[in-house]
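Written out below as structure tokens is the structure these notes cover.
None of the figures in this text is laboratory data; all of them are computed from the coordinates on show. Computed from a prediction, not measured in an experiment: that's the story for all the values here. Note: ideal-geometry Cβ built from the backbone for every residue, glycine included; neighbour counts use all protein chains shown.
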Amino acid sequence: MTESNYNEITSLLCDRLSTLTNSNIEITPDTNLISQLSIDSIKLLNLIMEIEDTFDVSIPINALADVQTVRELADLVYKIKFAS
Amino acid sequence: MNLLEKLDAAAAARKALLPDGVGAFGIPIEEVYSATEARIGDRRVLLLGTNNYLGLTFAPECIRAAHEAIDNEGTGTTGSRMANGSYSGHRALEREFADFYQCNSSIVFTTGYQANLGTITGLVGPGDTVLIDGDSHASIYDGCILSGADIIRFKHNDMIDMEKRLHRLGSRVETTLIIAEGIYSMLGDQAPLAEIVKLKNTYGGTLLLDEAHSLGVLGETGQGLVEKTGLLKDVDFITGTFSKSLCSIGGFCVSNHPQLNQLRYVSHPYIFTASPSPATIASTRAALELLRKGNHLRTQLWHNCIQLYTRLKDAGYVLGPDPGPVIAAIVDTPQQALLLWQKLLENNIYVNLILPPAAPEGKSLVRCSVNAAHTYEQIQYVGDVFSRLRSLT
Ligand SMILES: Cc1ncc(COP(=O)(O)O)c(C=O)c1O
């Protein structure tokens, strides 16, 4: 269960990020949000609101300090959604 | 990159936006003539970028009170109230704020920035949640970060978005602090307080409203948005600043919850900083009195706001949604904003230039603030100049 949930989150996240950032590079778990998608800190905050809605979770912005890549964001979403 | 090289990189990014010699940030003001005029370089300029909403910077009552306080109590308190004691002025001002808001408790802070830091960190900590408007002032963001609480943002003034997030918090809402502002400092729009209160009453949570820009401006006696909307009793904590309509420096928090007083023992931004100087407290007390009975000033201020807002709107500028003392012309690029700002200065009008990321949604702002001391002719002149410069943006 956990692995398929995790994979689902990752692939949905790649999809959403690709739409939200209008990016023409292919988004993979290793894509760096800041350097490769040119998302500055303010854009990241706004993007997180969309990601919260996509997964119906609350993502505290102070938890983003450790997030650089799509995989790290997926880890965070997974942890919040399935923790507790 | 070492630490200093990182600063060099940031400086290079700033210079890419603002060429050398354009001192749009921190412009040197050589002399101040009045609440509406000053000298910048060799120009006598019209001040349209201050937060002096009631125009009280030179009110004789405030100046006299400050002089007397310096003569009687000296220039500074040289320490924090916790360690060095509370002067009678600090205590009197707290009583006066409590009375003004018909509240039990009030705390005076050294700045408005610290009022937000001190109140937020006193109320929430790790494991708690803050639900804040996305366009919140930096002092709110910094207070939330310092507190260690989980920070969740809702889209600016979007109540559907706020409700979604409140709903998602579930039982965590019990330890959630919701934060909004009376008037938002960038676009000058007001929070939909009635709807915020309704959501709070439905879902729970504690509500903090920052009335920094609305104190003295909204409501019959100038309490702010709480008074305009009749919702004083529904807001748990109100913070604000002395640096805008009260024309000095400092900040406050008022509440009907007696627990507010506990903040004096736990809140670092209250404890570990010097208390406001005697002159500051004295002029603030005098200004608060003028503010409370300043209905004529508010009437004049709102005449001026509507006059300028209408002129700029008619000239074709895109403005924030609500007319008010903060009137921001929203332009697409930093270059357009800079050019407009420079041309206004060449016409002896000083306004604020706001570039990304400080302006919402990647836009840039040429931000005017109107006060009660501006004359009809001054506002007409500003409207004329803006109209002439319309083609620049
Ligand atoms: C909304 C808001 N809150 C707080 C502050 C901080 O006030 P002060 O200037 O007293 O530090 C400001 C002023 O910049 C503000 O705009």
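Report, in deg cm²/dmol and to the nearest 500, the calculated mean residue ellipticity at 222 nm for chain B, where each DSSP H run with n ≥ 4 adds -39500 (n - 2.57) and the sum is divided by the residue count.
Result for chain B: -12500 deg cm²/dmol, rounded to the nearest 500.
Taking the DSSP beta bridges with both ends in chain B, the antiparallel portion is around 60 percent. Spatial offset of the range B:58-115 relative to the range A:1-77 amounts to 48 Å, using the alpha carbon center of each. Considering only the Cα atoms of the range B:60-292, their convex hull presents on average a projected area of 11.5 nm². Amide H to amide H distances under 5 Å link B:I178 with B:L131, B:T206, B:L207, B:L208, where only residues 5 or more positions off or on other chains count and H is placed in the peptide plane. With a 10 Å cut-off between alpha carbons and a GNM built on chain B, which of B:H257, B:H90, B:H374 moves the most? Result: B:H257 has the largest fluctuation of those listed. Which value, in Å to one decimal place, does the Kirkwood hydrodynamic radius take for the protein assembly as shown when every pair of different Cα atoms is included? Kirkwood radius, the protein assembly as shown: 24.0 Å.
Can you give the angle from 0 to 90° between the axis of helix A:41-55 and the longest principal axis of chain A, with both taken from C-alpha atoms, to the nearest 10? Here the helix axis deviates by roughly 40 degrees. Among B:G112, B:G41, B:G216, the largest mean-square fluctuation in a Gaussian network model of chain B, built with springs joining Cα atoms closer than 10 Å, belongs to B:G41. List, in the order given, every pair from B:K155/B:K233; B:K15/B:K155; B:K15/B:K363; A:K43/B:K313; B:K228/B:K313 whose Cα-Cα distance in the structure shown is over 27 Å. Check vs 27 Å cut-off fails for B:K15/B:K155; A:K43/B:K313.
Between B:A13 and A:N7, the simple label model (points 7 Å from Cα in the Cβ direction) yields a spacing of 3.8 nm.
The alpha carbon centroids of the range B:360-393 and the range B:226-248 are separated by 27 Å. Taking a straight Cα-Cα cut-off under 12 Å and skipping sequence neighbours fewer than 8 places away in the same chain, the aspartates and glutamates within cross-link reach of B:K198 are B:E163, B:D234.
What the Cβ-Cβ distance of B:Q262 and B:A92 gives, at R0 = 22 Å and to the nearest 0.05, is a FRET efficiency of 0.55. Is the shape of the range B:270-392 best called rounded, prolate or oblate, per the rule: a/c under 1.5 gives rounded, else a/b larger than b/c gives prolate, else oblate, with a ≥ b ≥ c the square roots of the Cα gyration tensor eigenvalues? Oblate. Here the Gaussian network model covers chain B, with springs between Cα atoms less than 10 Å apart; of B:L301, B:L355, B:L365, B:L355 fluctuates the most. Listed from fewest to most Cβ neighbours within 10 Å, the set B:M1, B:M82 follows the order B:M1, B:M82.
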